[in-house]
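**Student:** Would you mind keeping the following structure in view while I ask a few things?
The values are calculated or read from the model by the stated rules, or taken from the named source; none is laboratory data. All figures in this text were calculated on a predicted structure; none of them were measured in a lab. Please note: Cβ atoms are built from the backbone with ideal geometry, for glycine as well, and neighbour counts cover all protein chains shown.
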Amino acid sequence: MTDSNFPDFDTMTPADFEQYLPEFFANGDGHVSTDPRLQKFLKNNPDCAALVRDLEAIADQARSLFELTEQPSDAVWTGIQDKLRHPAPEDDDLSIPQTV
Amino acid sequence: MDVQGLQMTQNTPTPGVFKRNPPIAGEAEAIEAAKNGDAEAFSKLYALHKRRVYTLCLRMLGNVSEAEDMTQEAFLHLFRKIGSFRGESAFSTWLHRLTVNLVLMHLRKKGLNLVSLEETINPSEDDAPKRDFGSRDLQLTGSVDRVALERAVASLPPGYRMVFVLHDVEGFEHNEIATMLECSTGNSKSQLHKARLKLRELLRQPEQSSQPAGFNEVAV
């Protein structure tokens, strides 16, 4: 989306900002707080700036969840082996490993 | 949805996802051996990727039993179709796409219409993020506790959770999510924004109210 799709950054109201916030986030690197076009607005609208900081903090921390993983139970691998040994009719195209 | 059509298509690698899924030592050899039906190689691939695949299923489904079932299905599909993996994208990226599409198919079979679902686009008043845009709260500013965020994500309405997990956790782009969920890119952006607003709201609440019933079962 180009700037022409956005409201005038100098006259934008908080309601305008709220409406376009999903697009602001979707553009660039996803950090609205560092967008030079929005600096003046955010400085003049601390509640909007606080909202942006919160949403950025959530998005930033979400990335760290990618590394946080859980272990499935042993039953999952057992089930996979069983299904490979005894494929259902709909699994006819299954490539069965020789010794699983 | 044609699962195989989507999951087996190797699009141009997505930089964000590819970067987060670097090649793993010994993986390439295991893939080649698995293509020839080597059981040990399958076992190794399972060991290398089971946690990521299971956690992805758990986050998308919010249910341990279903997550384990879908993890099993994902690896069975992997073992059936590994011959079609050409190495144009990271193996884990390919496997994640396969898993996401299987989970989405599963949810559709259950009758959950994902992003086009009324509940997702127009969640109930209780589920929708509140329009308290103007109220400032310093509680979140600066940092978000990872465990609290994980709990809050688990308590999101399914549609919000799906888009949030795919975009903010898994690193898929909006156009990719739109394709997977069969919705518009704008819808994906809007759902993500609402999900983040809802999370902000949940994270500002006292601990007990952001923790859904049965949370212990779905927490990751």
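**Student:** Do the conditions hold for residue A:37, that is, is it assigned by TED's automatic domain parsing to the domain that holds residue A:16, within 17 Å of the chain's Cα centre (by Cα) and of a type in the set (Lys, Arg)? Can you show your working first?
**Tutor:** On the way: assigned by TED's automatic domain parsing to the domain that holds residue A:16: yes; within 17 Å of the chain's Cα centre (by Cα): no; of a type in the set (Lys, Arg): yes.
Against the criterion (assigned by TED's automatic domain parsing to the domain that holds residue A:16, within 17 Å of the chain's Cα centre (by Cα) and of a type in the set (Lys, Arg)), residue A:37 does not qualify.
Yes or no, residue by residue, for (1) more than 22 Å from residue B:45 (Cα to Cα); (2) more than 9 Å from chain B (Cβ to nearest Cβ); (3) assigned to a helix (DSSP H, G or I):
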| site | (1), (2), (3) |
| --- | --- |
| A:9 | yes, yes, no |
| A:12 | yes, yes, no |
| A:29 | yes, yes, no |
| A:40 | yes, yes, yes |
| A:68 | no, no, no |
| A:80 | no, no, yes |
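**Student:** Show me the helices (runs of 4 or more DSSP H) entirely contained within segment B:1-113 in which 2 or more residues are acidic (Asp, Glu), farther than 24 Å from residue A:72 by Cα and at pLDDT below 90.
**Tutor:** Qualifying helices (runs of 4 or more DSSP H): none found.
**Student:** Considering only residues of segment B:38-54 that are over 19 Å from residue B:100 (Cα atoms) and within 7 Å of chain A (Cβ to nearest Cβ), which is surrounded by the most Cβ atoms within 10 Å (Cβ to Cβ)?
**Tutor:** Among those that are over 19 Å from residue B:100 (Cα atoms) and within 7 Å of chain A (Cβ to nearest Cβ), it is B:42.
**Student:** For residue A:64, work out the one condition from (1) in a loop (DSSP other than H, G, I, E, B); (2) modelled with pLDDT under 90 it doesn't fulfil.
**Tutor:** Condition not satisfied by residue A:64: (1).
**Student:** Identify, from the list B:200, B:146, B:196, the residue that is modelled with pLDDT under 90 and within 11 Å of another protein chain (Cβ to nearest Cβ).
**Tutor:** Values: B:200 fails: modelled with pLDDT under 90; B:196 fails: modelled with pLDDT under 90.
Matching residue, one of B:200, B:146, B:196: B:146.
Residues are listed down the side, and each one gets a yes or a no for (1) of a type outside the set (A, V, I, L, M); (2) surrounded by fewer than 15 Cβ atoms within 10 Å (Cβ to Cβ); (3) within 30 Å of residue B:79 (Cβ to Cβ):
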{"residue": "A:20", "(1), (2), (3)": "yes, no, no"}
{"residue": "A:52", "(1), (2), (3)": "no, no, no"}
{"residue": "A:73", "(1), (2), (3)": "yes, yes, yes"}
{"residue": "A:76", "(1), (2), (3)": "no, no, yes"}
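Residue by residue, here is whether (1) over 16 Å from residue B:166 (Cβ atoms); (2) free of Cβ contacts under 8 Å to residues at least 12 places away in the same chain; (3) charged (D, E, K, R) holds:
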residue: B:72; (1), (2), (3): yes, yes, no
residue: B:77; (1), (2), (3): yes, no, no
residue: B:94; (1), (2), (3): no, no, no
residue: B:98; (1), (2), (3): no, no, no
residue: B:105; (1), (2), (3): no, no, no
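**Student:** If I ask for residues that are of a type outside the set (Asp, Glu) and surrounded by 13 or more Cβ atoms within 10 Å (Cβ to Cβ), which ones from segment B:24-37 would you list?
**Tutor:** Start the filter on segment B:24-37 by keeping residues that are of a type outside the set (Asp, Glu), which leaves B:24-26, B:28, B:30-31, B:33-37.
Once the filter is applied, which keeps residues that are of a type outside the set (Asp, Glu) and surrounded by 13 or more Cβ atoms within 10 Å (Cβ to Cβ), segment B:24-37 yields B:24, B:30, B:31, B:33, B:34, B:35, B:37.
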